[in-house]
Amino acid sequence: LYATTWREPYNDYTTLSVDWGGSTARFGTGGVTGTLSFTVEDLDYDKELRFVYSTDGGSTWKTLPMGAAGDKNKIYWSSDLSTDFERWKIDLDLPGSFPSFQYKVVYRHGIVGGAAPVEFTLGNTSGIVVPKM
């Protein structure tokens, strides 16, 4: 009931990664719109994913929960990629004028049945910075 993965010093390229080809999100003067896509290692059926973002350079963070396809601003399962990996997406519609946008994806595994929970974070401490267009 424990998850293991190969790790570089600060990055985990296996458990969570950005699917750049499936991502269309844009950050501009009116906010952030579009889809971000992720590859998630399917460690078990019961999992919790959260999308965490900041619009002020990482001073404060807001969390968006799991949802279903078609929900705006909720991370959702999109498809199986193989027996070991899944595609998850979030359709963003975050209007506003803010100086920066950075995000993290948090994957919590081992949340039922007496398992010891393990948490993986894509974006580590500072998050993945999306440049303003």
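The values are calculated or read from the model by the stated rules, or taken from the named source; none is laboratory data. Since we're looking at a predicted model, the values are computed, not measured. Glycine gets a Cβ as well: all are built from the backbone with ideal geometry, and neighbour counts include every protein chain shown. For the accessible areas, the whole protein counts, side chains as well, though only heavy atoms, and no ligand, DNA or RNA atoms are used. Shrake-Rupley method; radii C 1.70, N 1.55, O 1.52, S 1.80 Å.
List of remarks:
- Accessible area per residue in Å² at 1.4 Å probe, computed on the chain: 56 Å²
- Contour excess over end-to-end distance, with Cα ends at PHE98 and THR60 and 0.36 nm allotted per residue: 12.4 nm
- Measuring nothing but protein heavy atoms, the accessible surface of the chain at 1.4 Å probe radius is 53 percent carbon and sulfur.
- Debye, to nearest 20: dipole size of the chain, +1 on Lys, Arg Cβ, -1 on Asp, Glu Cβ: 540 debye
- Take every pair of alpha-carbon atoms less than 8 Å apart whose residues are at least six positions apart; their mean separation over the length of the stretch 30-133 yields a relative contact order of 32 percent.
- Placing unit charges on the Cβ atoms of the charged side chains and taking the dipole of the stretch 56-106 about its Cα centre, the candidate lying farthest along the positive direction among ILE90, GLY57, TYR76 is GLY57.
- Across the stretch 65-79, rounded Karplus estimates of 3J(HN,Hα) from the backbone phi angles (6.51 cos²θ - 1.76 cosθ + 1.60, θ = phi - 60°) give x, 6, x, 10, 3, x, 6, 7, 6, 9, 7, 9, 5, 10, 6 Hz, Gly and Pro being marked x.
- Rounded to 5, the percent of DSSP beta bridges in the stretch 33-125 classed as antiparallel: 95 percent
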